[in-house]
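To start, the structure itself, in structure tokens.
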Amino acid sequence: MWLCVAFALSVMFSGRGLGCPDKCICWRDGHVNCVDQRLQGVPLGLPAATVNLDLSWNSIAGIPARTFENLTQLRYLYLQGNEISHISGDALLAIPSIQELWLSENQLQDFPWAVLPRLPSLLRLDLQNNRLAHVPSGDLPTFPALTWINLAYNEITSIEGGFLASQPALETAAVHNNPFSCNCSLQSFREWLDTTKVSVPNNADIVCDTPRHLKGRNVMAVPIGALTCRPPTVSVYPTNINVLSGHTTVMLCNTTGDPDPEVEWILPMGAVISAASKTRRIRVLDDGSLLLSPVRQTDAGTYTCIATNQEGRANATATMNVTRADCAGPNCRSIASDTVPVRIFVTSVTSNSALIQWFPLVDEPDLLTLDTYRVLYYRVGESLQQTAVLKHGASLYRMKNLKPSSRYSVCVTQSLLPQGDHCVEFRTEDAELTHTYITIGYTLGSVVLLLLIATVVYCYMRCYRRKRRDVFQRSMNAVNMSNNHATIQRAENGTAIHMNGHG
């Protein structure tokens with residue numbers, strides 16, 4: 001009987017009889033709990049009367065448009081701790097009564113801000129610990145009921161002060177631990193921080209990430225007049241290059257500006273590509289350089305690197321001449337195949353030097369007996385390249401006179417130009433850090449030397465004292481033996497006299 005009562009109570013309070021998705025617990029008051037069930041998506045068959053839906057700590061990757069269809073009474077939605085990279089605005093419009101939306105600890109790079117003004121009941125929005133890089137700007141939306149928003153721990157570089165100032169009910173706004181660019185685009189946000197009555201928690205962690213001379217400074221400590229922008233400048237290296245078809249080549253595009261300019265290349269045929277372009281043979285690297293691998297004869301012509309930021313645009317051009325790689329005979333190889341693939345290691349990195357080692361990944365005598373290795377390295381973002389031609393059989397090289405706190409690219413090849421997979425990047429240490437290491441090394445060395453000297457002195461004194469004690473002991477033994485001998489002699493003489501007298 002008790003089992004029947006228990007079952008009836010569980011049905012009464014859990015709502016299993018109402019129809020509940022597997023791996024979820026549904027309660028009659030509208031609560032649905034699906035926490036930490038390894039769900040790949042929002043489960044189907046959720047009760048239409050659901051008010052509170054907790055899907056935290058699952059593996060949900062996205063929220064399609066019809067996910068919350070028929071859940072018109074939903075007011076609390078918890079989606080933190082998933083793998084959500086996209087969320088449809090239509091999915092949010094399907095839950096017009098939503099009051100709290102929790103999306104922290106996900107992979108969102110964008111958010112459907114445009115639909116929030118059509119959610120008049122939304123009070124709390126948690127987007128911390130995502131990958132958001134932008135918030136609304138320009139024609140700023142108003143979220144009528146929003147009182148609390150968390151944008152901390154994202155990748156936001158700039159916020160318009162008007163975005164937060166335009167929210168009439170806002171009481172708390174968390175924006176700390178974002179990589180802010182402290183330039184002219186942050187001026188209105190800086191002014192908002194000075195004047196707002198909105199609570200801004202952890203404001204000590206609202207710091208500049210760029211430019212370099214302001215990195216790490218609290219945004220509120222930077223004068224508004226120091227938040228300036230600079231138009232871009234651009235230079236290309238080399239400006240004229242001769243390449244054999246089949247080779248790999250790189251054209252460097254060195255840019256400056258604040259904010260950091262976006263880089264595009266215009267190819268000879270008029271196509272425009274950037275780092276975001278889905279191209280393979282010709283592509284723009286993260287530092288703005290243009291990589292062509294392999295080069296074709298049709299690639300000859302003029303290339304233009306364009307740098308753009310909100311302050312303006314600049315460009316520079318380079319010309320590439322391509323020569324056909326004619327070759328006769330069975331032993332002729334193209335440059336692309338005439339290079340031994342190597343595995344590269346960078347070790348012993350200091351603020352001004354680094355040691356590079358490499359090991360061939362093939363065991364073909366014909367390839368291993370090719371030309372000597374060339375080491376090419378340059379500071380990322382600069383056009384000046386350093387090249388070293390090494391003796392045959394060399395497998396290591398020390399790069400010197402490097403700049404501290406800088407990123408370098410180094411390539412090892414047997415051809416005139418390196419293949420893309422023959423290069424690695426590394427970063428030199430801070431000058432202060434290397435100095436600290438040297439100081440620690442000298443200090444430890446001095447301590448070890450002092451300990452060694454103290455040990456030698458101690459051993460010497462101990463041995464010296466033992467030697468003196470042994471000499472003294474031998475002397476005392478000799479004296480005692482002499483005294484004993486004399487006593488015996490006297491005793492023998494006395495006995496003889498006594499005997500004589502008695503006789």
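All of the numbers you see were taken from the coordinates with simple rules; none came from a lab. What you are looking at is a predicted structure, and each value in this text was computed from that prediction instead of being measured. Note that each Cβ is placed from the backbone with ideal geometry, even for glycine, and that neighbours are counted across all protein chains shown.
Some notes on this structure:
- With the alpha-carbon atoms of region 33-83 aligned to their principal axes, the span from lowest to highest coordinate is 25, 20, 15 Å, starting with the largest.
- Highest mean packing comes first when the peptides 129-138, 266-275, 246-255 are listed by Cβ atoms within 10 Å, giving 246-255, 129-138, 266-275.
- Phi angles of region 256-265 translate, via the Karplus equation with coefficients 6.51, -1.76, 1.60 and θ = phi - 60°, into HN-Hα couplings of 9, x, 9, x, 4, x, 8, 10, 10, 10 Hz per residue; Gly and Pro are given as x.
- Prolate/oblate/rounded label for region 66-172 (Cα gyration tensor, a/c 1.5): oblate
- Working from label points 7 Å from Cα in the Cα-to-Cβ sense, the Y458 to R281 distance is 7.4 nm.
- Quotient of C-alpha Rg and 2.2 N^0.38 Å, computed over region 166-231: 1.11
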